[in-house]
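The values are calculated or read from the model by the stated rules, or taken from the named source; none is laboratory data. Remember, predicted model here, so these are calculated numbers, not experimental data. FYI the Cβ positions are ideal-geometry reconstructions off the backbone, even for glycines, and counts take in every protein chain you see. Note: areas computed on protein heavy atoms with side chains; ligands, DNA, RNA excluded. Shrake-Rupley method; radii C 1.70, N 1.55, O 1.52, S 1.80 Å.
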Amino acid sequence: MAPWGYSKENGPATWHKDCPIANTGVRQSPIDLITTGQTCAKYDSNLKPVIVSYPAFSEATFLNNGHSVQFQPSAGNLSELSGGPLTKKYKFEQFHFHWGNNDSEGSEHRVNGKMYPAELHLVHWNSESPNFSSFQEAVGSNDPHALCVLGFFLKVGAENASLKPITDLLSKVKNAGSSVSFPGKFDLKAVLPETLTDYYTYDGSLTTPPLAECVKWIVFKEPIEVSTAQMEAFRAVDDGHGKPITGNYRPPCPLHTRTVAASFK
Ligand SMILES: NS(=O)(=O)c1ccc(NCc2ccco2)c([N+](=O)[O-])c1
Ligand SMILES: [Zn+2]
């Protein structure tokens, strides 16, 4: 079977062939975050702000893997995540993006059916579990909270100076399979909103194969602004079949019996 992707032939509707959980799973991601009505997100006053400790990365690889671009620091990175709905400390693994070929589509999660032009995912794994001691083992474990992914919507507005070192590098990884070692330091903390207080959180999965149901999702309400030029830079990245990646987002999945909690009213 051709490797999975986002085209008609190998896109989300075909993933069940190699990954049955795509259709049989009851904790699949992404989802549509509904804020009013029956199955809407429920305010939980116990939800605390998310705490990140992201010292600037000094060594990292920026890779176009054919279905996204990802920033992966070297193994020694000490970046950590805690707080929010989490009871454990998580270690940073990588961040990557999902985007569309116009500003009306591109994000994986939606808010009352609305898509944003892109979504940033910061991936972490539970470093305090006795059951695994690496990201790869965490993904393979059956632990529902082996991973925690922070999701930030991107919207078009002013240029994002903190993300510029990343968007300026996109032309260097235009070809699928290409990677560059990230020049200099990158301050991820500067990309994020100051306070990480307002978010939705629910139990879900990886949004691409293997679609493992091992993710505690935390999706922030406030979008991050990027310029049109920065959005266009994503849309020039190739998918390895001579075409730009123009929509590496999975459509929303059924909620089933899950509930979504909101840290804000
Ligand atoms: N869009 S996402 O944040 O849910 C996501 C999806 C897949 C993978 N990885 C696929 C994978 C690698 C080994 C086993 O599995 C990752 N990740 O690796 O951070 C994140
Ligand atoms: Zn992702």
The Kirkwood hydrodynamic radius of segment 153-249, taken as the inverse of the mean 1/r over all distinct Cα pairs, in Å, comes to 15.6 Å
Check which residues have an amide H placed less than 5 Å from TYR199's amide H, if you skip close sequence neighbours. LYS221, SER263, PHE264
When all alpha-carbon pairs of segment 1-41 are counted, what percent fall beyond 17 Å? 46 percent
Per residue, how large is the accessible surface of segment 95-170? Use a 1.4 angstrom probe and give square angstrom. 36 Å²
With each pseudo-label sitting 7 Å past Cα toward Cβ, what's the VAL26-LYS185 distance in nm, one decimal? 4.9 nm
Surface share of carbon and sulfur [accessible, 1.4 angstrom probe, percent] for the chain: 52 percent
Mean separation of Cα pairs under 8 Å and 6+ residues apart, divided by the residue count of segment 27-164: what relative contact order is that in percent? 19 percent
DSSP bridge orientation in the chain - percent antiparallel, rounded to nearest 5: 80 percent
For segment 1-40, with every protein chain kept in place, what is the accessible area per residue (1.4 Å probe, Å²)? 59 Å²
Taking Cα pairs under 8 Å and at least six residues apart, what relative contact order does the chain come out at, in percent? 28 percent
Expressed as a whole number of Å, what is the distance separating the alpha-carbon centroids of segment 232-262 and segment 49-110? 15 Å
Given the DSSP H assignment, sum -39500 (n - 2.57) over each helix run of at least 4 residues in the chain and divide by its residue total; what's the result at 222 nm in deg cm²/dmol, nearest 500? -1500 deg cm²/dmol
Under 20 Å from the 7 Å Cα→Cβ point of SER104, by amide nitrogen: which residues of segment 213-228? 228
D (Stokes-Einstein, µm²/s), Kirkwood Cα radius, segment 210-265, 0.890 mPa s at 25 °C: 161 µm²/s
XL table LYS114/LYS164; LYS42/LYS221; LYS89/LYS164; LYS42/LYS88; LYS88/LYS216; LYS42/LYS216; Cα-Cα > 18 Å flagged, in table order, is LYS114/LYS164; LYS89/LYS164; LYS42/LYS88
Charges only on Cβ, +1 for Lys and Arg, -1 for Asp and Glu: so what's the dipole of the chain about the Cα centre, in debye to the nearest 20? 280 debye
Selection from LEU163, LEU86, HIS124, by position along the positive dipole direction of the chain (Cβ): LEU86
Regarding segment 79-146, what's the average projected area of the Cα-atom convex hull, expressed in nm²? 5.8 nm²
Reachable aspartates and glutamates from LYS265, criterion Cα separation under 15 angstrom, eight or more residues apart if same chain: ASP44, ASP198, GLU222
With a ≥ b ≥ c the root eigenvalues of the C-alpha gyration tensor of segment 14-122, is it rounded (a/c under 1.5), prolate (a/b larger than b/c) or oblate? oblate
Full extension from THR61 to TYR43: what is 0.36 nm times the residue separation minus their Cα-Cα distance, to one decimal in nm? 2.6 nm
